[in-house]
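A short write-up of the structure that comes next.
Please treat every number below as a calculation from the coordinates, not as lab data. The structure displayed is predicted, hence computed values, not measured ones. Positions of Cβ are backbone-derived with ideal geometry, glycine not excepted, and every protein chain shown enters the neighbour counts.
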Amino acid sequence: MIVRNTTDRYGALTIGIYWLMLLMFVAVYACIELHEFFPKGSDLRATLKTWHFMLGLSIFVLASIRLIVYITSTTPRIEPDPPKWQKQFAKLFHLALYVLMIAMPLMGWLLLSAEGKPIPFFGLHLPALIDKSKYLADVIEEIHETGGTIGYFLIGLHAVAALYHHYLVRDNTLRRMLPKRN
C-alpha cells in the first residue's frame, strides 16, 4: 500500500481522507436536514444538531490536514492530459471546495459563539470566537445557510465531473482517487 501520492495515483492517506470526508459531508447534511423532522426542544433534534456541529468541525480538521498533504505532495497526472482551460477550471473549483470545507465549519463555530451556545467537540467545549450578539448570529446564520446550499451544488458538480471524466472522457481522473485493486 502506497501511503504518499505518486505521479500516477493518490496515496492511501489522501484517498482515505477524501472518502472519509465524503461520508462526513453526507452525515453533516443528513443531520441538519433530518433535525427538522423532530419537534423543537426534543432530545433527538438536539442530538442531530450537536452531531452536525461536531462533524462540521471534524471536516475542518480533516480539510486542514488534507490541505497540508496537498501542498506537500505530488498531484497525480491525468491521462490523457486535459485541455488547459479544464485544468484551470478544476483548480478554481477545488479552491471553492477548500473554501467550503474551511469556511463553513468556522462560520458554524462563529454562529454558536454569537448565539452564546456551547461549542461541542466530542466531549470538549471549544471557546467562543466572538461575544454573544443576536444581530451577528442572524447575519452569520444566513451566510452559513447560503454556504450550505452552495455546498450542495459544489459537491454535486464535483461528482458529476468525476463521472463525466470516467464514463465520457475515459481518463483516469476518478481512478486516481479509488482504492487500488489487486
Revision key, fill the gap. Counting sequence-distant residues (5 or more places) and residues on other chains, those with an amide H built under 5 Å from that of I119 are L126
Point to revise | Student exercise, the chain dipole from Lys, Arg, Asp, Glu Cβ charges, in Debye to nearest 20 | key: 780 debye
Revision key, fill the gap. With the charge dipole of the chain built from beta-carbon charges (+1 for Lys and Arg, -1 for Asp and Glu) about the Cα centre, the Cα from M24, P118, H165 projecting farthest to the positive end belongs to H165
Point to revise | Theoretical gain in end-to-end length, T75 to L157 [0.36 nm per residue, Cα-Cα removed] | key: 27.4 nm
Exercise for review: Enumerate the amide H contacts of L129 below 5 Å, restricted to partners 5 or more residues apart or on another chain; note that Pro and chain-start residues carry no placed amide H.
Suggested key: S113
Practice item. Report, to the nearest 10°, how far helix 134-163 tilts away from the longest principal axis of the Cα atoms in the chain, using its own Cα long axis and a range of 0 to 90°. Key: 20 degrees
Point to revise | Estimated inter-spin distance, F121 and L106, nm [label 7 Å along Cα→Cβ] | key: 1.4 nm
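Which order, highest average first, do 97-110, 23-36 follow once you tally other Cβ atoms within 10 Å for each residue and take the mean per peptide?
With the highest mean Cβ count within 10 Å placed first, the list reads 97-110, 23-36.
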Check your understanding: Which angle between 0 and 90 degrees, to the nearest 10, do you get for helix 43-72 versus the longest principal axis of the chain when only C-alpha atoms count?
Key -> 40 degrees
Study note, to complete from the structure: Pseudo-spin-label distance T7 to E141, built 7 Å along Cα→Cβ, given in nm, is 5.4 nm
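Which of the peptides 148-158, 74-84 is most tightly packed, and how do the rest follow, judged by the mean count of other Cβ atoms within 10 Å per residue?
Details: 148-158: 14.0, 74-84: 12.3.
The most tightly packed comes first, giving 148-158, 74-84.
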Review point. Taking a temperature of 37 °C and a viscosity of 0.692 mPa s, what whole-number D in µm²/s does Stokes-Einstein yield for region 5-145 with Rh from Kirkwood over alpha carbon pairs?
Key: 193 µm²/s
Check your understanding: If one takes the longest principal axis of the Cα atoms in the chain, at what angle in degrees, from 0 to 90 and to the nearest 10, does the Cα axis of helix 12-34 lie?
Key -> 40 degrees
